[in-house]
Each structure stands twice: as C-alpha cells, then as structure tokens.
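Quick notes on the structure that follows.
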Amino acid sequence: MALVNENYLKLPGSYLFSEIARRVNQFKTTNPQADIIRLGIGDVTRPLPPAVIEAMQKGVEEMRSPETFRGYGPEQGYQFLIEKIIENDFVPRGVELSVDEVFVSDGAKSDTANFQELFGVNNIMAVTDPVYPVYVDSNVMAGRTGMFNNDKGQYEGIVYLPCTEENGMKPSLPEKRVDMIYLCFPNNPTGMTLSKEELKLWVEYARENRSILLFDAAYEAYIQEEGVPHSIFEIEGAREVAVEFRSFSKTAGFTGTRCAYTIVPKEVMVYDSKGKAHSLNQLWLRRQTTKFNGASYPVQAGAVAVFSQEGKLQIKETINYYMENARIIREGLQGAGYKVFGGVNAPYIWMKTPNNMGSWEFFDQLMEGANVVGTPGAGFGANGEGYFRLTAFGTRENTLRAIERIRTRM
Ligand code: PLP
C-alpha cells in the first residue's frame, strides 16, 4: 500500500487562483454579457521583446544542423548567459560574482520552492505576512511546519512577520530566533520596497544568528526610485548569509518562455548537527545537477538578448508601459478615496478595502459592481485580510477602463 506524504494533506484544498477562477466562472454563467477586466493574476500581457525573439529564432535554427546542434547543456546554465547576467545586473551595482555563483533555471517559482530542500527539516522559517504563497506551501510539503490553524489562518511552526498599515508594510525583525528568512522586495503583493538601511538590519540579524536570507528580487527591474537596492548583495556582508532569486518573467516577458536564475555566493554556509560548516553553493550545485537538466538552449540564447543594446531599450519601454499603468491605478484609486500602497517601484498596487470589508467580500462586490477582477489580500496570508491586490500587467485600455469603472460604479 502506497502511503501518502501526509504533509500534503495539511494544505488547504483550494489554491487562491483556482478559487478566483471558480468565482469568475460562476459569475459569467449567470451574467454572460458581463465584460470582465482581469487585473488579478500577476501575468504579463506585452509580448517578448523583438530582440529576444530574433535571438531565440537563431537559437532554434542552430538546432537544425549537426555542426551547431546542442543537446544537454550545463545544468547551471550556459556561461555565455551567466557572464552577461553578472556584467549587466550586478557589476554596475558594485556586486562582484563569479560564474559558479549563478545558477540559471526555468523559473523563480521552482527555485524558491526547491531551495528549502537544502535545509534541515527542523529549521525554523520566517515569512512576511502577506506573502507569495510558494515559500510557505513548499515548506509545508517538506514537513517543516505544523498543521494549518483555521482560526489564525496560519500554519503552526512558522514565524510570521506581519506587514500592516501600522508598520508601513515593512516587516520587523523576528522576536524569536529563526533559521531561514524569506524576503521579497519589491514585494508581491504589497508593492513595497526596503531601503539599504532597512535591509542592512536583516543582514546583521542573519549574521548574528547564522540564519539564511532567501531574497526574492523577481521585481527588481520595476524599481524606479534612485537609492532603492536592487540586490541584497548591495548590502555589506550579505555574501555570507544570503541567496537571491531573480527571473526574466516580469523583467522581459518570459512568464511563458521560462528562464530565471539564483545567486548562491560561495561564502554562505549551513551547519550539520556537529556544527561543521557546509557550502550552500556546493549543495545547490549537487541538487541541481541531480534533479535538473538545464533551461533549454533557445531560451537561454533568447535571454542573452535581454542584455543587448536593443533588448535593454525594448525592455525599458515595456516596464515603463506597466509602470504607467501602475500610476494610473494608484492615482485613480487615491482620487476615488481609497488608501493604497505600492505601485511606485513595483507593478502591484495593494489597496485597503473600504470600511474594513473582508477581502473576498470586496472581490465579489468589485466583480459584480465594476466587473473588475483582482486578488483578495486574504489569499496571501492572514494579514492580507482587509486588503486587495491589483496588478499593472494589464493592457493600457483595460487599466483605464477598470479604474473608470471603480470610480463611477463602486
Ligand atoms: N517570485 C515572486 C515574488 C513572484 O511573484 C513570482 C511570480 O509571480 C515568481 C517568483 C515566479 O517567477 P517565475 O515566473 O520565474 O517562476
């Protein structure tokens, strides 16, 4: 008899976006004429930059001839891409990395979910609340948490760091010692960032406690303001305690194409029960070479074009497009009297629901009243209750129409 991994049974039944889809479908059945605008799921709507398409086509073409055909590539990614990543994303920010500290993959979702495998099952993990659900669920599956407490809307055994209106959506350091800390800035879902001084506190905490910071920078390309750190490695000492996840998904429209990378500096150590240090970089290499066979060659060939002159211009244009949407949403909602966070250095706008309304109740009202679909904050954690996320990834036309409807119909 095959037994189940009972940790999976701790996961509540319905995943956030399936519940949203269920409610939207139900509404559409009874209101077939409704013209629904979706500003919910964080997927992009602009196509891949032409420079990337051309480079991918060339990559595919190379697969045609025996002389240029490529089979299995290096599991960690092709050096031609890794060198460009370091040269363009890190060196200009004063961050030196060696090629064997960069691991190319097929997505930051899988990397952030898989990375926890390297840690002992008894480690205590901390997450912000609200949070990108993948960090929590992957640790639940691994058995690093207790049961889900329905009253609290939280798992036993996880240290939650509330991000609320009171603390300006910025997490405080944990009161009890934790071993693994997931941080995501610019944040999904709140759209907020941390300053260098604020990030420095986390690096110091991690160094003092020999904890590891798992820093998700999937939205760094959306930072508009000067002085906001794009990488945890801009903070002195971070090389000893941090891992950073990055993705081409939101930077360059790769959500369906799939390419990302993770930085694991050689200084980062984890300890065995005898206190002996082990290199996290070596462990991740071992994990990836065993369980992953590399991102596809045409995709990596396409990703290189993100760093070409034309590629950079094309990406900037797309990001500006989304950030103009963010401005329209943020200012439109503020003008209509809503309290909003984010949307300045991130493509997410986190709004407070009116009159302390529950976030699923607001979801239904917005869908029924304005035919606009967003994401209820409660789906990101207990402290997301009373908030609602809208994304700037829609088309300009839909963004303008959605805000107009919220202004006039709600
Ligand atoms: N990290 C965060 C914070 C995200 O919001 C997302 C996607 O929405 C991801 C990672 C996943 O990125 P990828 O498409 O590279 O898997």
Legend entry - Computed [θ] at 222 nm, helices only, for the chain once each DSSP H run of length n ≥ 4 contributes -39500 (n - 2.57): -10500 deg cm²/dmol
Inset, instruction - If a/c stays under 1.5 just call it rounded; otherwise compare a/b with b/c (prolate if a/b is bigger, oblate if not). Do that for segment 91-184, with a ≥ b ≥ c from the square roots of the Cα gyration tensor eigenvalues. - result: oblate
Inset, instruction - Would you please classify the overall shape of segment 270-410 from the alpha carbon gyration tensor, given that a ≥ b ≥ c denote the square roots of the eigenvalues, rounded means a/c under 1.5, and beyond that prolate means a/b larger than b/c while oblate covers the rest? - result: oblate
Legend entry - Relative pair counts by distance (%), Cα atoms of segment 54-307, 5 Å bins: 1, 6, 13, 18, 19, 17, 12, 7, 4, 2, 1, 0, 0
Inset, instruction - Could you list the GluC sites (Glu not before Pro) in segment 45-78 that lie in coil according to DSSP, counting only those with at most 14 other Cβ atoms within 10 Å of their Cβ? - result: E67
Inset, instruction - Step through the table entries K109/K274; K152/K274; K84/K266; K152/K352; K196/K339, compare each Cα-Cα distance with 29 Å, and write down the pairs that go over it. - result: K109/K274; K152/K274
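Relative contact order, percent, of segment 1-121 when contacts are C-alpha pairs under 8 Å separated by at least 6 residues?
Working: 29 pairs, mean separation 16.9, N = 121.
Relative contact order of segment 1-121: 14 percent.
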Inset, instruction - Return the single residue from K339, K152, K312 with maximal mean-square fluctuation; model: Gaussian network over the chain, springs between Cα atoms under 10 Å. - result: K152
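Report, in listed order, any pair from K250/K312; K58/K250; K250/K316 with a Cα-Cα distance greater than 20 Å.
Over 20 Å apart, Cα to Cα: K58/K250.
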Legend entry - Furthest towards positive pole of dipole, A113, T257, I181, structure part segment 54-307, Cβ charges: A113
Legend entry - Most mobile listed residue (K109, K291, K170) in the chain, GNM with C-alpha springs under 10 Å: K291
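Which order do the peptides 371-377, 132-138 take when ranked by the mean count of other beta-carbon atoms within 10 Å per residue, highest first?
Taking the mean over residues of other Cβ atoms within 10 Å, the ranking is 371-377, 132-138.
We did not get these values from a lab; they are worked out from the coordinates using the rules stated. Small disclaimer: the values here were computed from a predicted structure and weren't measured. We place every Cβ from the backbone using ideal geometry, glycine too, and count neighbours over all the protein chains shown.
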